């Protein structure tokens, strides 16, 4: 009788741990999508242009970017947590909103508690032929708090076109500093 008990316990534990490692949620794979966008730019001949400005200055400093530097510029997008991973995803909730005027679905991921670095991840999805073609844009809001400062970032990725990173730095006893960087490829002529 004891052998059967231990056998059932061992099989139950093996089943539990095999299922636990494979737990998934149904969140969209935002990180995979962004990685595929970066890989795509890495393999194309697009001219990559970076524009930067500081503060409220309306003057943009513009330069061409070497293909090998593109990934580094996109790093703020590539270091986001993968919410399809169950242990991370369970810390977030999903809300889906349909905007019939835009003919878009807006999917919003927000933390269940306020102690996460990503405070909002918003996906705008529209009609298209494939899953990734349907993703029109990704908007991410991140915040990092340090002992004497905080860094707040607004990230926007427009599929197959450009990304923008707005970084707001608040340091104790100093004025707020803002830096905006926009990287464009596959620029469409209007």
Exercise for the section: With a point put 7 Å past each Cα toward its Cβ, work out how far residue 105 is from residue 59 in nm, to one decimal. Expected result: 4.7
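May I ask you to derive the FRET efficiency for residue 68 and residue 186 from their Cβ-Cβ distance with R0 = 25 Å, giving the value to the nearest 0.05?
0.90
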Practice task
With a cut-off of 14 Å, note down the residues of the stretch 60-93 whose backbone N falls inside the zone around a label point 7 Å from the Cα of residue 179 toward its beta carbon.
Solution key: 61, 73-76
Completion exercise
Where a ≥ b ≥ c are root eigenvalues of the Cα gyration tensor, a/c under 1.5 meaning rounded, otherwise prolate if a/b exceeds b/c and oblate otherwise, the stretch 30-160 counts as oblate
Exercise for the section: Output the peptides 110-120, 137-147 sorted from most to least packed, where packing is the average of other Cβ atoms within 10 Å over each peptide's residues. Expected result: 137-147, 110-120
Completion exercise
Checking rank on 180-187, 148-155, with mean other Cβ inside 10 Å and highest first, the result is 180-187, 148-155
Exercise for the section: Could you let me know the centre-to-centre spacing of the stretch 90-115 and the stretch 26-74, using Cα atoms, in angstrom? Expected result: 24
Exercise for the section: Counting other beta carbons within 10 Å of each Cβ, put 105, 176 in order, fewest first. Expected result: 176, 105
Handout entry: Extension reserve of the residue 156-residue 76 stretch, reckoned as 0.36 nm per residue once the Cα distance is removed
Key = 27.8 nm
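No lab work stands behind these numbers, since they all come straight from the coordinates. Since the structure is predicted, the reported quantities are computational estimates derived from the model, not experimental observations. With ideal geometry, Cβ positions are generated from the backbone for all residues, glycine too; neighbour counts draw on all protein chains shown.
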